[in-house]
Structure formats: structure tokens, C-alpha cells
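The values are calculated or read from the model by the stated rules, or taken from the named source; none is laboratory data. On a predicted model such as this, the values are computed, not experimentally measured, just so you know. Note: ideal-geometry Cβ built from the backbone for every residue, glycine included; neighbour counts use all protein chains shown.
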Amino acid sequence: MRNKLCLSSVEVQAIVAACKAKAEELGQQGTIAVVDEDGDLLYLERPDNQGPHTVLMATGKARTAAVRARPTAALEERVKERPGYITYPEGLAVRGGVPVFYEGTCVGGVAVSGISNDDEVVALAGADAVG
């Protein structure tokens, strides 16, 4: 039998709070998604100023980061080198999603959508709140 690390609601709230604080520092508000290591949604928030498409983008980026245990920016770069990777199953090759690690184990992913070039910066702040 083994013990499996996983995100609790306390860690999820810490991730979200850190994302919101970083976004506020930048004068932005973005849609935030947090998923577990399997890509299942744990948290989603879309501010009033964000469109519905940001929900799909944030959840897709968070899932991709968690399942691959790599930032979505890495898949974005891979697609540039090898376009066939655009068909990566349920992968979204758009920067803004990052894995969440605890004690060297990927325990989930966090992503932000709707604030353009700052999506990844804000998501990284959230991931750093756990590690």
C-alpha cells in the first residue's frame, strides 16, 4: 500500500489567493482553474470582466500542465518544433498553465486565462504557494 499526495481544499485556496494577489499587483483579473493530478477540476473562477471562452482555456491549460507535469509553454514550444504535437490528446499548447509540485511530486495544475502575456506569471505565483 502506498500513500498518495494530493491537494486539499486548504492548498487550493492558497493557490487561488496567490494567483489573485499577483493578478491584482499587475492590475489584472483572470479566470483561474485548479485541477488535481488527474486533471479533474477542483476550482474555477471567472471574473465578470472575462468571457466564457476563458473557462475552457483555463481548465484546458490546467489539465495539460497537471497530466504532463510540465508547463503548457513547453508543449507550445514543442508544437513549433514538431507540429504533430498539436494533436496531443486533450493537450492545450498555450502558455498559462503550470504544474503544482509538492515534495517533488506533481499534485495538480493551475492555469490562468484572459490576461494575455501575464497568464503564466500569475499561474506560477499560485503554484509557488504550495511548493
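Go through (1) closer than 14 Å to Gly114 by Cα; (2) not in a helix (DSSP H, G or I) for Leu7 and report which single condition fails.
Unmet for Leu7, out of (1) closer than 14 Å to Gly114 by Cα; (2) not in a helix (DSSP H, G or I): (1).
Output the residues belonging to segment 71-126 that are under 17 Å from Ser9 (Cα atoms), touching a helix residue (DSSP H, G or I) at 6+ places or on another chain (Cβ under 7 Å) and either at pLDDT below 95 or of a type in the set (A, V, I, L, M) (or both).
Val100, Val110, Ala111
Which of the residues belonging to segment 57-90 are within 12 Å of the chain's Cα centre (by Cα), surrounded by fewer than 23 Cβ atoms within 10 Å (Cβ to Cβ) and in a loop (DSSP other than H, G, I, E, B)?
Ala69, Arg70, listed by residue number.
Answer yes or no as to whether Gly27 is free of Cβ contacts under 8 Å to residues at least 12 places away in the same chain and assigned to a loop (DSSP other than H, G, I, E, B).
Details: free of Cβ contacts under 8 Å to residues at least 12 places away in the same chain: yes; assigned to a loop (DSSP other than H, G, I, E, B): yes.
In short, yes.
Quickly run through segment 91-123 and pick out the residues that are touching a residue at least 60 places away in the same chain (Cβ under 8 Å) and either surrounded by fewer than 20 Cβ atoms within 10 Å (Cβ to Cβ) or part of a loop (DSSP other than H, G, I, E, B) (or both).
Tyr102, Glu103, Thr105, Cys106, Gly114, Ile115, Asp118, Val121
Return the residues of segment 33-56 that are out of contact with any Leu (no Cβ under 6 Å at 6 or more places or on another chain), hydrophobic (A, V, I, L, M, F, W, C) and not in a helix (DSSP H, G or I); say none if nothing qualifies.
Matches in segment 33-56: Leu41, Leu42, Leu44.
Please verify whether Val35 is at pLDDT 95 or above and under 19 Å from Ser8 (Cβ atoms), treating the condition exactly as stated.
Working: at pLDDT 95 or above: yes; under 19 Å from Ser8 (Cβ atoms): yes.
The answer is yes for Val35.
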